[in-house]
Amino acid sequence: MDSHLTEESLWASGLAARLRLIQATCADDPPATRQGYIAEEIERAMKDVVMSKKQVFLAALGERFPTWQAPEPAPVEPSSQPAAAPETPEALLGRLLQMVPSLSPEVKDEFAKKLQQAGLATKQSVDFALDIPPEYQKKLGLPQGKTINPERTIKLLAALFDMTVAMDQLVWALWKQIAPQSNIRKEGDFAKLAGPYLVGDTEVSTQQLVQILERTRKLNASLLGATGRGSSNYAKKHVGQFAPEVIEDLAKIERGFAQSLESVSWKKYVQLAKEYASEPVIENEIQKAIAKAAERLMMGGANI
């Protein structure tokens, strides 16, 4: 653990590791060239250090290198030693890989970032070469021999998720408004369970999500189917209360000897209208009729 080290110690440790790697990698280079690489690395590292702390950071680095002077190699006559052939990229890579086990995690991360920036390392892509069952291929209309496009798959999944969540929230809010006393209630929150399911949470099963979606689908279908049935039921009830012959039959029962049938019928109509034909009453009756029809569809096991 490096949590006890000071800021300058952490900086010096990381830089010292990089300098040792340069020394090992460039051991066969001329001393001047090697010292130039070291100086460039130190200069880059010092750019991120504020002016007031530069001496402290350099002192911490100096503690890890008591001496910066390496023994000069014995002079060699140019004619007595052939010029060394330049190392191939493969050889340089091999030497770097040999040094990797001795590097700290921080240095490894930094090297990995630099390799990626240089185009020598690519981000790991998601493998979408999935074995899709034939029934799903048919449902999705996938051409044979074609693989799924990862980017479009994610975009389509997000669009379908937004639509499904919006419909799920809307239909259950509407149901709660028109049928507050119904025993049919929402079970489970699809929006909260979808994420854990996609990342493989074993607490969320496929069957659990399918049941939630199927319940929402049936309620949508029941409400759509109940629009016609509920409005028809309300119309029949309204006619049963306000049809002329119904009003006249009620008037005949209530009129006296001195009253005309038309006069009593009108009074009866006005009385019924005040009680059953106001806007709030009509709206409530229509909602009740639709809710009752939808509940029958939901509970009746109809193929909806």
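The values are calculated or read from the model by the stated rules, or taken from the named source; none is laboratory data. Keep in mind that this is a model prediction, so the values were computed, not measured. Heads up, the Cβs are rebuilt from the backbone with ideal geometry, glycines too, and the neighbour counts pull from every protein chain shown.
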Handout entry: Count of residues meeting criterion [in a loop (DSSP other than H, G, I, E, B) and of a type in the set (Gly, Ala, Ser)] in segment 1-51
Key = 2
Practice task
Quick one: which residue in 258, 251 is in a loop (DSSP other than H, G, I, E, B) and at pLDDT below 85?
Solution key: 258
Exercise for the section: For segment 163-214, enumerate the residues that are within 13 Å of residue 294 (Cβ to Cβ) and surrounded by 12 or more Cβ atoms within 10 Å (Cβ to Cβ). Expected result: 171, 172, 174, 175, 176, 178, 179, 182, 184
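Answer yes or no as to whether residue 234 is modelled with pLDDT under 90 and assigned by TED's automatic domain parsing to the domain that holds residue 283.
When the stated conditions are applied, residue 234 passes them.
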Exercise for the section: Spot the failing condition for residue 230; the list is (1) touching a residue at least 12 places away in the same chain (Cβ under 8 Å); (2) surrounded by fewer than 13 Cβ atoms within 10 Å (Cβ to Cβ), and only one is missed. Expected result: (2)
Completion exercise
Going through segment 37-52 in order, the residues found to be surrounded by 13 or more Cβ atoms within 10 Å (Cβ to Cβ) and among the charged types (D, E, K, R) are 41
Exercise for the section: Six or more apart or on different chains, Cβ under 6 Å: which pairs go from a residue in segment 171-197 that's assigned by TED's automatic domain parsing to the domain that holds residue 224 and of a type in the set (D, E, K, R) to one that's in a helix (DSSP H, G or I) and at pLDDT 90 or above? Could you list them? Expected result: 186/172
Practice task
Check 55, 116, 124, 98 and return the single one that is modelled with pLDDT under 80, farther than 30 Å from residue 152 by Cβ and either of a type in the set (S, T, N, Q) or assigned to a helix (DSSP H, G or I) (or both).
Solution key: 98
